[in-house]
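Chemist: First the structure, then my questions, so here it is.
Each value in this text was obtained by applying a stated rule to the coordinates, not by laboratory testing. Just so you know, these numbers come straight off a predicted model, no measurement behind them. FYI the Cβ positions are ideal-geometry reconstructions off the backbone, even for glycines, and counts take in every protein chain you see.
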Amino acid sequence: MRYLFLIIVLLFMPITSVAHPHVFIDNRVSVLFNDKGLAGFKLEWTFDEMFSSTIIQDFDLNLDGKFNEKEIKKMESVTFSNLKKYDWFTYITINGKQFKIKDINGFYAGIDSGVVFYEFFLPCEVTAAERNREVKIAIFDPTYFVQILWASENPFCFKDTSNIMLSYEVFEEEENSYYYGQIIPEALKVKFRKKE
């Protein structure tokens, strides 16, 4: 009877109680414009202390508390380039159509108060027109190995917007829910057009 009770408890235990991400990221996005329209997105990921300590131990080879150019290049090839298979956990749509991220540039890694952060740029060119263009970006890992949340302070910003009019909203994207539908990612939707 004791084993039967244990089996029943395990079967009906909420799934979230056994979920367990191994890496935690605070995510910030800079939406970058130029004289033509949208240029792309600069992402900044700040990692949790445990993952940071592992990265520092593995890549700060001269133990000086920062990453030099050689260490950053090694880190990019070992830990970051593999994320291309997962679209860098970034999902973009342009006017409702999926945008395939081909590559990133400007990868940089640093240490701030013992915590590791990555910065990189995702090119995504969308020409501004007289009518609104709509671009949506969501950053999440559907396997739930990595938990990615908007940073609590300054989660996003817009740069070089002098030639455009824009509006934006952050919303729960239910159609992309994951982990048995229990996790709903938040997406940033930006509408923009030429300034009159």
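Chemist: Full extension from Leu83 to Phe24: what is 0.36 nm times the residue separation minus their Cα-Cα distance, to one decimal in nm?
Modeler: Working: separation 59, 0.36 × 59 = 21.24 nm, distance 1.54 nm.
Additional length available on full extension: 19.7 nm.
Chemist: Rounded to the nearest 500 deg cm²/dmol, what is the calculated helix-only ellipticity per residue at 222 nm for the chain, with -39500 (n - 2.57) per DSSP H run of length n ≥ 4? Present the calculation step by step, with values, prior to reporting the outcome.
Modeler: Values: 3 runs with 29 residues, N = 196.
Rounded to the nearest 500, the figure is -4500 deg cm²/dmol.
Chemist: Any idea what angle helix 2-12 forms with the longest principal axis of the chain, computed on alpha-carbon atoms, 0 to 90 degrees, nearest 10?
Modeler: 10 degrees
Chemist: Follow-up. Among all the lysines, which ones have a C-alpha under 20 Å from Lys102's C-alpha, if same-chain residues fewer than 8 places away are not counted?
Modeler: Of all the lysines, those that pass the test against Lys102 - Cα under 20 Å, at least 8 places apart if same chain - are Lys42, Lys73, Lys84, Lys85, Lys136.
Chemist: Rounded to the nearest 0.05, what FRET efficiency do Asn163 and Met50 give with R0 = 41 Å and r taken as the Cβ-Cβ distance? Could you check?
Modeler: Values: r = 44 Å, r/R0 = 1.06.
The computed FRET efficiency comes out at 0.40.
Chemist: Considering Cα pairs under 8 angstrom that are at least six residues apart, work out the relative contact order of the range 25-194 and quote it in whole percent.
Modeler: Values: 320 pairs, mean separation 50.5, N = 170.
In percent, rounded to a whole number, it is 30.
Chemist: Report the extension gain between Lys191 and Asn68 in nm, rounded to one decimal, defined as 0.36 nm multiplied by the number of residues separating them, less their alpha carbon distance.
Modeler: Values: separation 123, 0.36 × 123 = 44.28 nm, distance 3.87 nm.
The Lys191-Asn68 span can extend by a further 40.4 nm.
Chemist: Helix 49-59 against the longest principal axis of the chain: what's the angle in degrees, Cα atoms only, rounded to the nearest 10?
Modeler: 80 degrees
Chemist: Using the Cα atoms as the points, what is the convex hull volume per residue of the chain in Å³?
Modeler: Working: hull volume 30.1 nm³, N = 196.
That works out to 153 Å³ per residue.
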